[in-house]
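Have a look at the structure below before the remarks.
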Amino acid sequence: LDTSIGTCLQRSTDGGVNFSIAHNGIPNQAGASFNGAIPHIRFDPSGSGIIAAATPSGLYISSDLGTNWTNIRGNAVPYVFTGVTWSGGYIYASTNGEGILQIPFPF
């Protein structure tokens with residue numbers, strides 16, 4: 001996955017020769033369509049193929065290498081996330097000054 005080309009999330013499946021837009025389901029801060037940087041993307045270390053993304057508009061996971069994303073923020077108060085990682089059956093996500101969010105993750 002490459003977030004450096006333009007303002008949308010793009011992915012390459014051929015070593016960077018070609019890229020395609022891969023941000024379906026990630027809204028911008030206003031809730032319309034994606035617009036902005038993804039500060040942190042992390043693959044699940046268990047090898048499940050699931051990707052987590054911390055964004056300015058929420059916390060998302062994808063099970064299809066970034067084509068489609070699902071918001072996993074739930075009822076958490078913070079919506080600006082700056083980092084994400086897996087550890088001991090949980091996803092941990094850092095926020096923009098509002099602490100760390102811990103979410104159980106079954107993989």
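The values are calculated or read from the model by the stated rules, or taken from the named source; none is laboratory data. On a predicted model such as this, the values are computed, not experimentally measured, just so you know. Note: ideal-geometry Cβ built from the backbone for every residue, glycine included; neighbour counts use all protein chains shown. To get the accessible areas, we keep the full protein, side chains included, count just its heavy atoms, and leave off ligands, DNA and RNA. Shrake-Rupley method; radii C 1.70, N 1.55, O 1.52, S 1.80 Å.
When you go through (1) touching a strand residue (DSSP E or B) at 6+ places or on another chain (Cβ under 9 Å); (2) at pLDDT 85 or above; (3) polar (S, T, N, Q) one by one for Thr67, which number turns out not to apply?
So the condition that Thr67 fails would be (2).
Going by the conditions given, is Gly16 out of contact with any strand residue (DSSP E or B) (no Cβ under 7 Å at 6 or more places or on another chain), open to solvent by less than 50 Å² (accessible area, probe 1.4 Å) and at pLDDT 85 or above? Outline the logic, then answer.
Values: out of contact with any strand residue (DSSP E or B) (no Cβ under 7 Å at 6 or more places or on another chain): yes; open to solvent by less than 50 Å² (accessible area, probe 1.4 Å): yes; at pLDDT 85 or above: yes.
Taking the combined requirement at face value, the residue satisfies it.
Of the numbered conditions (1) open to solvent by less than 50 Å² (accessible area, probe 1.4 Å); (2) part of a loop (DSSP other than H, G, I, E, B); (3) at pLDDT 80 or above, Leu59 satisfies every one except a single condition; which is it?
All conditions are met except number (2).
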